[in-house]
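Some notes on the structure that comes next.
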Amino acid sequence: MLRRITNLFNRKEMADENMLLQSVDRNRIPKHIAIIMDGNGRWARRRGMPRSLGHRAGAETLRNVVKLCSELGVQYLTCYAFSTENWKRPQDEVSFLMDLLVEYLEKEIEELHNNNVRINAIGRLDELPSQAQQALARAFHKTGNNTGLTLNLALNYGGRREITDAVIEIVNRVNKGEIKCEEINDVLIGQSLYTAGMPDPELLIRPSGDCRISNFLLWQLAYTEFWLSDVMWPDFQRQHLLEAIVGFQQRERRFGGLIKK
Ligand code: FPP
């Protein structure tokens, strides 16, 4: 009986997904999607499980989302995996997240590589535990020449820290005489951020009901379309990503101007 109900659910999900896939305009896939992967802890608690199992389930969701982004031809996927503020969490949760990162990179690397995914990371990587830094270095080395989706993991990342680092870099360059003060503009600032060379995200997805930026990509999100959902990240399915993309494609983006009618 239970198996029959599960099958019915699965069939319905596949039907929903197929309908959404038909609604997606393949010529207007966002080049860059950013995701705040929120809700792992609440997802686990609601099931009477430790928070760590929520993070583990969240890693599985990430795997599925990367796969779909790759299939759809998204160029950049930036996922908030660990913020500069997350160090305030209990030590065992921090250690679990760092170990999970290493495990994820080691377990997924072959499939990511076979799918032409390039792994990149933004944030103060030099402050991560050495095992995490080494796993990242291996992943960058192996996938560095891939030309498909760039999976951009935000690790020990903070938007304010990123802007502060950019300001320091620019001031140093001015002091060395490499650039003049008058040459500082938004393009130069963009080029001094961790995301230099990447287009700004067109779509930001935040699951799990909270409506805030949480120090994520403060500069880059200036004109990004937000898609908020109550679904907890571990429950976030392919169909939710497709809904977000279809919703994005229905938005009228004016960038402060007017649309010519
Ligand atoms: C926020 O949810 C989530 C995090 C701080 C960690 C995100 C990590 C993953 C999704 C694991 C996969 C990532 C990699 C790179 C392996 P929360 O725990 O704050 O949720 P809550 O608000 O419900 O407590």
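Overview of values
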{"read-out": "Selected residue (only one of Leu100, Leu128, Leu68 is away from the ligand (no atom under 11 Å from the Cβ), touching a Lys or Arg at 6+ places or on another chain (Cβ under 8 Å) and open to solvent by less than 40 Å² (accessible area, probe 1.4 Å))", "value": "Leu68"}
{"read-out": "Whichever residue in the range 190-201 is open to solvent by 40 Å² or more (accessible area, probe 1.4 Å) and of a type outside the set (Gly, Ala, Ser) and, among such residues, is nearest to the ligand (Cβ to nearest atom)", "value": "Tyr194"}
{"read-out": "Considering residues of the range 206-228 that are buried (at least 19 other Cβ atoms within 10 Å of the Cβ) and within 16 Å of the ligand (Cβ to nearest atom) only, the residue farthest from Gly39 (Cα to Cα)", "value": "Leu217"}
{"read-out": "Residue check, Thr78 at pLDDT 95 or above, more than 25 Å from Gly159 (Cβ to Cβ), in contact with a strand residue (DSSP E or B) (Cβ under 6 Å, 6 or more places away or on another chain) and open to solvent by less than 30 Å² (accessible area, probe 1.4 Å)", "value": "no"}
{"read-out": "Pairs, first free of Cβ contacts under 8 Å to residues at least 60 places away in the same chain in the range 99-110, second near the ligand (Cβ under 9 Å from one of its atoms) and not in a helix (DSSP H, G or I), C-beta under 8 Å, six or more apart", "value": "Leu101/Ala81; Leu101/Phe82; Leu101/Leu153; Leu101/Leu155"}
{"read-out": "Filtered residue count, the range 136-180, keeping only those that are in a helix (DSSP H, G or I), closer than 18 Å to Met198 by Cα and either touching a strand residue (DSSP E or B) at 6+ places or on another chain (Cβ under 8 Å) or within 16 Å of the ligand (Cβ to nearest atom) (or both)", "value": "4"}
{"read-out": "Meets criteria (within 9 Å of the ligand (Cβ to nearest atom), outside any strand (DSSP E or B), over 27 Å from Gln220 (Cβ atoms) and touching a residue at least 12 places away in the same chain (Cβ under 8 Å)) for Glu93", "value": "yes"}
{"read-out": "Positions within the range 35-60 being in contact with a helix residue (DSSP H, G or I) (Cβ under 7 Å, 6 or more places away or on another chain), within 8 Å of the ligand (Cβ to nearest atom) and not in a helix (DSSP H, G or I), in sequence order", "value": "Met37, Asp38, Gly39"}
{"read-out": "Among (1) open to solvent by 30 Å² or more (accessible area, probe 1.4 Å); (2) over 17 Å from the mean Cα position of the chain (by Cα) - the single one Thr143 does not satisfy", "value": "(1)"}
{"read-out": "Count of residues meeting criterion [among the acidic types (Asp, Glu), open to solvent by 40 Å² or more (accessible area, probe 1.4 Å) and within 13 Å of the ligand (Cβ to nearest atom)] in the range 103-125", "value": "2"}
{"read-out": "Every residue from the range 146-173 that is surrounded by 14 or more Cβ atoms within 10 Å (Cβ to Cβ) and of a type in the set (Val, Ile, Thr)", "value": "Thr150, Ile163, Ile170"}
{"read-out": "Answer residue from the range 81-90, given it is more than 9 Å from the ligand (Cβ to nearest atom) and assigned to a helix (DSSP H, G or I) and is surrounded by the most Cβ atoms within 10 Å (Cβ to Cβ) among those", "value": "Trp87"}
{"read-out": "Any chance Leu62 is of a type in the set (A, V, I, L, M), open to solvent by less than 20 Å² (accessible area, probe 1.4 Å) and closer than 30 Å to Ala222 by Cβ", "value": "yes"}
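The values are calculated or read from the model by the stated rules, or taken from the named source; none is laboratory data. None of the values given here were measured: they were computed from a predicted structure. No Cβ is skipped: glycine too gets one built from the backbone with ideal geometry, and neighbour counts run over all protein chains shown. Ligands, DNA and RNA are stripped out before the accessible areas are found, and what is left, the full protein with its side chains, is counted by its heavy atoms. Shrake-Rupley method; radii C 1.70, N 1.55, O 1.52, S 1.80 Å.
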